[in-house]
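A short reminder: the numbers here are calculations on the coordinates, not readings from a lab. No experiment lies behind these values; they were computed from the predicted model shown. Cβ atoms come from the backbone with ideal geometry, glycine included; neighbour counts cover every protein chain shown.
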Ligand SMILES: CC(C)(COP(=O)(O)OP(=O)(O)OC[C@H]1O[C@@H](n2cnc3c(N)ncnc32)[C@H](O)[C@@H]1OP(=O)(O)O)[C@@H](O)C(=O)NCCC(=O)NCCS
């Protein structure tokens, strides 16, 4: 658990949080993850962290670390709380966690249509390193994905 000021707290998911998290997921994405995907990520001990203000869930991330690479699987902010800097905050917390545990590279995929998220990632220093045709399920058919990467500094540390 990590206090981030302004009443914001970052905490690992508990199983009892999953209904709340999944409710935000369903509102935030046209094609959301299922409850089961969140459950599997929790059981697999991925980096599953949620941002709270009191009882209010503001957002969350799910990341996976493999050797010296960190992969962002989900980053989401409650649609009622967009453009308040929370996505940037969550992204920086994930990067801090990854670099603090020795990861040298951060990777992610983003839908070609998701220009807002791409802007957030580029602002953090991510650059496109690949393109995956038909990577994502869409409401109709499939959608292409952009692969982005960022080299991580090694001096950061976090205690989430
Ligand atoms: C993408 C997402 C996490 C951004 O969260 P957020 O809290 O609104 O983002 P922030 O307020 O931290 O934005 C930081 C910067 O990112 C960029 N940005 C974020 N959303 C943007 C948008 N819709 N359009 C353009 N730029 C955007 C801007 O540069 C912004 O800085 P500014 O507000 O000073 O201009 C949020 O829109 C979201 O949860 N979307 C649904 C889920 C999703 O698509 N996740 C990403 C999957 S790859």
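Translational D (Stokes-Einstein, µm²/s) of the stretch 94-150 at 10 °C and 1.306 mPa s when Rh comes from the Kirkwood sum over C-alpha pairs?
Taking Rh from Cα pairs, D becomes 131 µm²/s.
If you average the sequence gap of Cα pairs under 8 Å that are 6 or more apart and divide by the length of the chain, what percent do you get for the contact order?
In percent, rounded to a whole number, it is 20.
Of all the Cα-Cα pairs you can form in the stretch 1-95, what percent are over 21 Å apart?
26
For a Förster distance of 30 Å, can you work out the FRET efficiency between the beta-carbons of residue 26 and residue 154, rounded to the nearest 0.05?
After rounding to 0.05, the efficiency reads 0.20.
Send over the per residue convex hull volume for the chain, Cα only, as a whole number of Å³.
Dividing the Cα hull volume of the chain by its residue count gives 113 Å³.
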